[in-house]
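Working notes, beginning with the structure itself.
The values are calculated or read from the model by the stated rules, or taken from the named source; none is laboratory data. Keep in mind that this is a model prediction, so the values were computed, not measured. All Cβ positions, even for glycine, are placed from backbone atoms using ideal geometry, and neighbour counts span all protein chains on display. Accessible surface is based on the protein model in full, side chains and every heavy atom, while ligands, DNA and RNA are left aside. Shrake-Rupley method; radii C 1.70, N 1.55, O 1.52, S 1.80 Å.
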Amino acid sequence: RVYHPGIYFETKMKFSALVIGSALSAASAFSPQTLPRRTFAVRASSHGHHVTMSTVLPPLVGKNVVLTHDPSGFDSLKIGGARVHCYARESGAESEYLMWYHASTSSDPPADGEAPIAPLSSGSIGIARSRNGLAWQRDAVGATTEGNETPGVCLGPNVDAWWEFDTAHVGLGQVMTPMSGTTVISEGGVYIMYYFGGSFEETDLSAYGGPESGGVKGMKMRIGVAVSQDGLSWGRVEGDDPTGACMGPYDLDDDNSNSFIDMNAPKPKDIEEELYTAWPEVITSEGANTSYTMFYSTMTKKKKEKCIALGKSKNGFKWYKGGVILRPGPDEFDINGVARCHVIKDAVFENGLWKENEKMSMFYEGIGSDNRHKVCLATSDDEGLTWTKQGIAFDFGVDGEWDSSGVGSPHVLRLADGTIRMYYTGQSSDGRTAIGVARLSGPNLGGPWEREDSKMPTFAES
């Protein structure tokens, strides 16, 4: 059960957004890509997104790798989407780092004639813990709720309702604790997770700029919300969309997509039809009128552009679209797409404390003319409505390094010593992925970011 003062609810239940919104009012990630020199097939199961490969590859090794795939776990194939929090406990106990991440696992090929599930790194969501943010220990048990018996998984695909949006795979967007702030956990604090998922609905590959024939499952992704008291066992929140999502693609062929348009406000000028909504990033604006802003990744239906779009909410559960706010190009470093971002308010470190202001910085994944991904930076002076690109902040590794094929899914964390750490997903030349770290010592968020020595133990020791 997940408890909250005055109410409680079973994690298997679907929750009314109105009820929870009232209760909480006080409150790889790379694009679909085949693995070089290896064949694979994909099928769906109740335990998530599964990809079969000819061999099981060993975990990646690198000086700044902090978490790799586990050949025997739910995360045996690909890993990504790390979101890290560092918490001080009210009890005065030692601080703790928590990392949520998503991953896929290998399995059998689909039956003849079946369309595969999109080869993303999403599948199920797990959690790991650390005392220093560098040496991590997976939670080997995971949530112990009915229908989620896979070891290590804290949120898996939806097995309770076949018609919902997240039956084939789920991936991580953001984790927040609006009840108790982002740095101190108190008893009764409630976590909110924004995640994305795909169903077994089949769509044509040509819709995404692929071959003229052939289908794929799990690509018409939508965004959902889940809540938890301990960060381990999660209960889904039922959204207004018939699929249970709180945010879905804007599509004129789907009458339900109008529920994501605020009919009491002018229609956003940059709203376009979308093929999916995924990788949500959410920030809050505190004050007398608390509001929530979502930045999510999408592909436009007409131009097939990978963009970042905006969503607005007054309670964190009911969302309206704000249109595209970041597009590819015109420079080469992100000419083929922008996606998967992390947004922070700017801050200065004074007298041992970080002091935020209203300006924002966005770390996002840019896809260059060579189709390799890197972490880029953009800034905003108007609460995230318009953005100015600042160029590449953190590039992929040189040939021979573990992350030489691309870096992305950035998440930055301000540390108590005045420095900033970035967690990111890196991909090797043979398609393997891992979570790495980089460190920034100066005030310029554009870098230089240095790969941080993680002193990670061997896989057997971890």
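Just for segment 265-279: of the residues that are modelled with pLDDT under 85 and of a type in the set (D, E, K, R), which one is surrounded by the most Cβ atoms within 10 Å (Cβ to Cβ)? My answer is 270.
Scanning segment 74-90 for residues that are surrounded by fewer than 20 Cβ atoms within 10 Å (Cβ to Cβ) and in a loop (DSSP other than H, G, I, E, B) yields one hit, 90. Does segment 405-417 contain at least one residue that is more than 24 Å from residue 295 (Cα to Cα) and modelled with pLDDT of 95 or more? Yes, there is a match, as at least one residue in segment 405-417 is more than 24 Å from residue 295 (Cα to Cα) and modelled with pLDDT of 95 or more.
Return a yes/no flag: does segment 392-403 have any residue that is open to solvent by 30 Å² or more (accessible area, probe 1.4 Å), outside any loop (DSSP other than H, G, I, E, B) and at pLDDT 95 or above. Checked against the condition, which is being open to solvent by 30 Å² or more (accessible area, probe 1.4 Å), outside any loop (DSSP other than H, G, I, E, B) and at pLDDT 95 or above, segment 392-403 yields at least one hit.
If we scan segment 411-419, do we find a residue that is among the polar types (S, T, N, Q) and farther than 14 Å from residue 447 by Cβ? There is no residue in segment 411-419 that is among the polar types (S, T, N, Q) and farther than 14 Å from residue 447 by Cβ.
Taking segment 206-221 as the range and being assigned to a loop (DSSP other than H, G, I, E, B), open to solvent by less than 40 Å² (accessible area, probe 1.4 Å) and among the charged types (D, E, K, R) as the test, no residue passes. Within segment 238-250, one or more residues are touching a helix residue (DSSP H, G or I) at 6+ places or on another chain (Cβ under 8 Å) and part of a strand (DSSP E or B).
Picking from residues in segment 332-368 that are assigned to a loop (DSSP other than H, G, I, E, B) and modelled with pLDDT of 95 or more, the one that is surrounded by the fewest Cβ atoms within 10 Å (Cβ to Cβ) is 335. Pairs are defined by a Cβ separation below 6 Å, a sequence spacing of at least 6 or placement on different chains, a first member in segment 119-146 that is surrounded by fewer than 23 Cβ atoms within 10 Å (Cβ to Cβ) and polar (S, T, N, Q), and a second member that is assigned to a loop (DSSP other than H, G, I, E, B) and modelled with pLDDT under 95; the pairs so defined are 145/11; 145/233. Of all residues in segment 324-346, those that are farther than 14 Å from residue 381 by Cα and either of a type in the set (Asp, Glu) or touching a helix residue (DSSP H, G or I) at 6+ places or on another chain (Cβ under 6 Å) (or both) total 4.
Taking (1) in a loop (DSSP other than H, G, I, E, B); (2) within 19 Å of residue 194 (Cα to Cα); (3) open to solvent by 10 Å² or more (accessible area, probe 1.4 Å) in turn, residue 283 satisfies each apart from (1). From the list 203, 167, exactly one residue is on the phi < 0 side of the Ramachandran plot, β-branched (Val, Ile, Thr), modelled with pLDDT of 90 or more and surrounded by fewer than 23 Cβ atoms within 10 Å (Cβ to Cβ). Which is it? Exactly one of 203, 167 is on the phi < 0 side of the Ramachandran plot, β-branched (Val, Ile, Thr), modelled with pLDDT of 90 or more and surrounded by fewer than 23 Cβ atoms within 10 Å (Cβ to Cβ), namely 203. Remark: pairs (first residue in segment 319-346, closer than 13 Å to residue 299 by Cβ and among the basic types (Lys, Arg); second residue open to solvent by 30 Å² or more (accessible area, probe 1.4 Å) and assigned to a loop (DSSP other than H, G, I, E, B); Cβ separation under 6 Å; 6+ apart in sequence or on different chains) are absent.
Here is a yes/no grid of residues against (1) in a strand (DSSP E or B); (2) charged (D, E, K, R); (3) open to solvent by 30 Å² or more (accessible area, probe 1.4 Å); (4) out of contact with any Asp or Glu (no Cβ under 9 Å at 6 or more places or on another chain):
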{"site": "296", "(1), (2), (3), (4)": "yes, no, no, no"}
{"site": "303", "(1), (2), (3), (4)": "no, yes, yes, no"}
{"site": "308", "(1), (2), (3), (4)": "yes, no, no, no"}
{"site": "312", "(1), (2), (3), (4)": "yes, yes, yes, no"}
{"site": "315", "(1), (2), (3), (4)": "no, no, yes, yes"}
{"site": "324", "(1), (2), (3), (4)": "yes, no, no, no"}
{"site": "330", "(1), (2), (3), (4)": "no, no, yes, yes"}
